[in-house]
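For reference, the structure is listed below as structure tokens.
Every number in this text was worked out from the coordinates using simple rules, so none of it is lab data. Everything numeric in this text was worked out from a predicted model, so none of it was measured. Because the Cβ atoms are built from the backbone with ideal geometry, glycine has one as well, and the counts that use them run over all protein chains shown.
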Amino acid sequence: MAVHFFLRRAHRVIAVLFLLSIPPAGYFSFSAAGGEVSPVVYLPLLPLLGLILTGGYLLIDPWVKRFQARWIT
């Protein structure tokens, strides 16, 4: 249960970080002059990866527990 609680809280914190990283990335992507892309544009990708991993686990975890409860016991 501790892992589930930790991942749920981490998912929320990562979501806030993702939301805070979107405006700077948008600003630098639209203010690029001469076709140069700033590295700041790629800033939201790291929190997005964290959201995908933690969200995938939180989504699949109840299904795995139901499967284990039905077939293992």
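Side notes on the structure shown:
- The sum of -39500 (n - 2.57) across all DSSP H runs of n ≥ 4, divided by the residue count of the chain, sets its helix-only mean residue ellipticity at 222 nm to -27500 deg cm²/dmol.
- The chain: angle of helix 2-30 to the longest principal axis, Cα-based, in degrees nearest 10: 20
- Projected label distance in nm at residue 46 and residue 68, using a 7 Å step from Cα toward the beta-carbon: 3.2
- Between the Cα long axis of helix 45-71 and the first principal axis of the chain there is an angle of about 10°, rounded to the nearest 10.
- For the pair residue 38 and residue 16, label points projected 7 Å from Cα toward Cβ lie 2.4 nm apart.
- Calculated from the structure at hand, P(r) over Cα pairs in 5 Å bins from 0, in percent is found among (1) 3, 15, 29, 25, 16, 9, 3, 0; (2) 3, 15, 18, 15, 13, 10, 8, 6, 5, 3, 2, 1, 0; (3) 3, 17, 31, 30, 13, 5, 1 as (2).
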